[in-house]
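Read the structure below first, then the notes.
The values are calculated or read from the model by the stated rules, or taken from the named source; none is laboratory data. These numbers come from a predicted model, not from an experiment. Using ideal geometry, Cβ is built from the backbone for each residue, glycine included, and neighbour counts are taken over all protein chains shown. Surface accessibility is based on the protein's heavy atoms, side chains included, excluding ligands, DNA and RNA. Shrake-Rupley method; radii C 1.70, N 1.55, O 1.52, S 1.80 Å.
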Amino acid sequence: MYGALRRSGMLAALLEQGFRYAMISNSDNLGAQLDPRVVAHLDREQIPFLMEVVEGTEADRKGGHIARRRADGQLVLREIAQTPADDEASFRDFRRWRYYNTNNLWVDLGVLADTLERSGGVLDLPLIVNRKTVDPRDSESTPVIQLESAMGAAIESFPGASLLLVPRARFVPVKTTDDLLVLRSDVYELSDQLEVHPVPERTDGLPYVELDKRFYKLIDQFEQRFPEGPPSLREARRLVVRGDVTFGGGVIVRGAVELEIETPTRIEPGSVLESSQ
């Protein structure tokens, strides 16, 4: 993306028109909103590159977290795809690695232009290797390798880069159907400005949801098992489903609920699922 800004002429055009900072975010982060206070902070502190971070939770077990490189103390981004198998347990320790990347990034366009000029138009970012299959529905289909670089990894290319700890309201990623169920549930509300926010009683923490990937991973599978809408999660701490479970309308989840069912099952409309179950 950074190289594309330069090659396309967009970077030069923005600078020519007097723009100094750009905010970059993922389209799947429904909490990404422009906040003038962040721009003021960048200008006041003369920060070349800033990453918004949140404190990690169990739900961030696959997200990229921030570390410091021992050689020079520079901030770097660690992704699960870059982690050796024998280090994955440490990687998932969100209490140790406290700060997680939201991919809400802010960059000084002038500094970016100078950095790209010195590096020949390409930032030297770690290459991430993702192993997948051509057909995501068929694990036996042709294996493929996806090569990418994380845009947040650019933090290591800017001396003086900084982090900003932000509220969870600025980080509402929908990358899996686990995330989608939480978003569609009653723990979120939509403001008059069409901004997504947790309801007041859930601002301190959202429920943890883990759905069986065999039955919920793809969107059509997910829709089939919640035909009358999501259950209420406002009183839930966690919901883990192992097995093929279809939820009727008006189901309420309270506390920490784990369902492990061997045969296809339907939860009757209006049922209340509590911790003891």
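How many residues, within region 137-176, are among the charged types (D, E, K, R) and either in contact with a Lys or Arg (Cβ under 6 Å, 6 or more places away or on another chain) or under 17 Å from residue 47 (Cβ atoms) (or both)?
The qualifying residues number 1.
Out of the residues in region 16-31 that are farther than 16 Å from residue 49 by Cα and of a type outside the set (Ser, Thr, Tyr), state the one that is most open to solvent (accessible area, probe 1.4 Å).
Filtering region 16-31 for residues that are farther than 16 Å from residue 49 by Cα and of a type outside the set (Ser, Thr, Tyr), the one most open to solvent (accessible area, probe 1.4 Å) comes out as 16.
Restricting to region 115-130, what's the tally of residues that are small (Gly, Ala, Ser) and touching a residue at least 60 places away in the same chain (Cβ under 8 Å)?
Residues meeting the conditions: 1.
Is region 191-206 home to any residue that is modelled with pLDDT of 95 or more and among the acidic types (Asp, Glu)?
Scanning region 191-206, I find no residue that is modelled with pLDDT of 95 or more and among the acidic types (Asp, Glu), so the answer is no.
Would you mention how many residues in region 238-255 are in contact with a Pro (Cβ under 9 Å, 6 or more places away or on another chain), within 26 Å of residue 203 (Cβ to Cβ), in a strand (DSSP E or B) and open to solvent by 10 Å² or more (accessible area, probe 1.4 Å)?
Counting residues in region 238-255 that are in contact with a Pro (Cβ under 9 Å, 6 or more places away or on another chain), within 26 Å of residue 203 (Cβ to Cβ), in a strand (DSSP E or B) and open to solvent by 10 Å² or more (accessible area, probe 1.4 Å) gives 2.
For residue 246, state whether it is of a type in the set (S, T, N, Q) and under 22 Å from the mean Cα position of the chain (by Cα).
no
Just the residues that are in a loop (DSSP other than H, G, I, E, B) and loosely packed, with under 14 Cβ neighbours inside 10 Å, please, taken from region 256-272.
Of everything in region 256-272, those that are in a loop (DSSP other than H, G, I, E, B) and loosely packed, with under 14 Cβ neighbours inside 10 Å turn out to be 261, 262, 263, 264, 268, 269, 270.
When you scan region 101-112, do you find a residue that is within 17 Å of the chain's Cα centre (by Cα), within 24 Å of residue 170 (Cβ to Cβ) and of a type in the set (D, E, K, R), even just one?
Looking for residues that are within 17 Å of the chain's Cα centre (by Cα), within 24 Å of residue 170 (Cβ to Cβ) and of a type in the set (D, E, K, R), one finds none in region 101-112, hence no.
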